[in-house]
1. How many residues are exposed (fewer than 15 other Cβ atoms within 10 Å of the Cβ) and in contact with a Gly (Cβ under 9 Å, 6 or more places away or on another chain) if we restrict to the range 406-422?
2. State whether the residues of the range 386-404 include one that is assigned to a strand (DSSP E or B) and in contact (Cβ under 8 Å) with a residue 40 or more places away in the chain.
3. Could you tell me which residue of the range 85-100 is nearest to Pro55 (Cα to Cα), considering only residues that are at pLDDT below 80 and surrounded by 22 or more Cβ atoms within 10 Å (Cβ to Cβ)?
4. Being of a type outside the set (Val, Ile, Thr), under 25 Å from Ala104 (Cα atoms) and open to solvent by less than 50 Å² (accessible area, probe 1.4 Å) is the filter; apply it to the range 35-46 and report the residue that is modelled with the highest pLDDT.
5. Filter the range 1-30 down to the residues that are open to solvent by 10 Å² or more (accessible area, probe 1.4 Å) and either within 21 Å of Ala102 (Cα to Cα) or at pLDDT 85 or above (or both) and list them by number.
6. May I ask you to list the residues in the range 423-447 that are closer than 20 Å to Ala376 by Cβ and open to solvent by 10 Å² or more (accessible area, probe 1.4 Å)?
7. In the range 332-375, how many are part of a strand (DSSP E or B), open to solvent by 80 Å² or more (accessible area, probe 1.4 Å) and aliphatic (A, V, I, L, M)?
Amino acid sequence: MTFALLLAALIFCPSFKAMAGISYQLDTPQANAGDTIAIQGVLFNDSDSVLSWTPPQTLVLQWRNQAGAQIQTQATLAAAADPIELPVNTFATLAWTTTVPAHAKGLQVISIDGENILLALQAASPTTASGSANTAAAQSQTSDDYPTKPSATFAQSGDAQSGQLSKAGLGTQNTNSHLEPKPKPSTATAQSQPSNGTNNVRLASSSAFERFRNALSTFEPIYFDIGRRNGTDARFQLSFKYRLHTPPDPQNTGFFDHWYLGYTQTSLWDLSGASKPFIDTTYNPSLFWQKDRLWGPESRAYYTGLAAGLEHKSNGKAGPDSRSLNSFFIEPQFNYRFADGSTLSAATRFKNYFATKDNPDYARYMGHIDWKLRWAQDNGLVLDALYNHGQKGRYRVQLQAAWPLQRTFLKMNGYLHLQYFRGYGETLLGYREKSPGSLRIGLALVP
């Protein structure tokens with residue numbers, strides 16, 4: 001009853017004005033014909049949910065001089081067009097590079113195809129002096145700006161100057177809102193100064209595929225680790241969540257706009273056995289309500305969230321090896337955003353089991369409370385800890401660390417991943433068996 005009343009009460013909680021959007025500007029007010037320049041952007045996520053997005057590889061640019069003559073070029077994304085997970089209360093910088101047309105001279109007005117935005121550049125031939133510095137004031141004059149996609153460089157949104165931007169709603173189009181200007185950042189991450197005009201945001205096409213892709217996001221860590229304990233084994237996990245409803249007006253999300261379907265699958269694989277058998281696999285579908293930012297002060301240094309719902313766990317086996325249970329849970333969350341670009345998150349999950357006839361003593365080993373702690377740098381180190389406690393001194397400890405491989409000599413996507421596990425519940429089949437301690441190393445796609 002308490003669980004149901006709490007969820008119902010959330011409908012009447014004060015709602016935050018969820019906003020996000022992108023502004024554009026050129027990296028220089030003047031350049032010579034043939035020079036390489038960059039179109040820079042800053043995407044803000046001041047909404048109440050993590051933003052999942054994939055940037056376009058190219059932008060089509062239309063150049064127009066003072067005589068009205070036009071020429072078309074393309075700008076190419078400076079980084080890989082990988083999917084981006086933009087946390088709440090952060091922003092991402094991005095850039096596309098292009099070459100100033102060979103015959104460009106004088107004031108050039110640049111528009112992005114499909115986007116209602118105008119940028120200004122004073123162009124000169126390589127043999128003449130660059131344009132007047134007075135053109136700097138004409139840079140980035142916009143009207144009803146439409147954003148494109150984010151990059152993976154994150155910073156706290158409260159540190160960045162913003163104009164009047166719109167919410168980056170997943171799978172939505174053309175929504176208007178206002179975001180009050182903030183002080184200019186002291187960090188180098190936010191390089192763009194948004195205009196003060198009202199911005200209209202178009203973030204994704206309305207096609208079924210785009211709506212599906214933008215509703216799908218990561219959930220728990222995704223990794224593949226190998227270790228040795230009585231032989232070589234591997235432990236790996238897949239996890240994602242799907243947003244059931246995208247609000248038509250992302251500035252005014254309601255109670256039903258925060259429902260998700262989740263799915264996590266965790267396997268332990270014996271690599272030393274003759275047939276390389278799977279020891280056990282846990283299938284974990286769930287239905288839950290989640291709001292990453294439920295409450296937070298104007299300073300935005302910290303904010304609280306909440307998740308609550310139902311989940312099922314089973315190992316898909318029959319007979320004496322069958323394991324199956326259900327639970328409903330509620331999980332308050334607390335997040336603190338540090339000025340150095342890292343976030344500390346703490347959560348406590350309270351669980352109540354039902355329909356556990358295959359394993360009625362499960363709670364004696366795994367308890368009713370999960371304690372979670374996570375510290376993550378933007379594009380850096382991620383540390384994660386999980387602890388729960390059962391009866392008679394039974395416990396589980398899982399520690400994880402991840403480091404981006406792009407910041408190593410390998411220059412790879414993904415993360416170097418370490419996982420240490422000790423205690424009960426390493427597999428659902430063997431939840432009554434205690435692991436003396438296992439250290440594994442591998443690759444994480446999502447830390």
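The values are calculated or read from the model by the stated rules, or taken from the named source; none is laboratory data. What you see is a predicted model, and the numbers here were worked out from it, not measured in a lab. Here the Cβ positions follow ideal geometry from the backbone for every residue, glycine too, while neighbour counts run over all protein chains shown. Heavy atoms of the whole protein, side chains included, go into the accessibility calculation; ligands, DNA and RNA do not. Shrake-Rupley method; radii C 1.70, N 1.55, O 1.52, S 1.80 Å.
1. Summing the residues that are exposed (fewer than 15 other Cβ atoms within 10 Å of the Cβ) and in contact with a Gly (Cβ under 9 Å, 6 or more places away or on another chain) in the range 406-422 gives 1.
2. yes
3. If we take residues in the range 85-100 being at pLDDT below 80 and surrounded by 22 or more Cβ atoms within 10 Å (Cβ to Cβ), then Leu86 is nearest to Pro55 (Cα to Cα).
4. Top of the filtered list is Ala38.
5. Matches in the range 1-30: Gln25, Asp27, Thr28, Pro29, Gln30.
6. If the condition is that a residue be closer than 20 Å to Ala376 by Cβ and open to solvent by 10 Å² or more (accessible area, probe 1.4 Å), then Ile441, Gly442, Leu443, Leu445, Val446, Pro447 are the ones that fit.
7. So the count comes out to 1.
Conditions (1) more than 16 Å from Gln25 (Cβ to Cβ); (2) of a type outside the set (S, T, N, Q); (3) open to solvent by less than 10 Å² (accessible area, probe 1.4 Å), marked per residue:
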| residue | (1), (2), (3) |
| --- | --- |
| Ala102 | yes, yes, no |
| Val109 | no, yes, no |
| Gly114 | yes, yes, no |
| Ile117 | no, yes, yes |
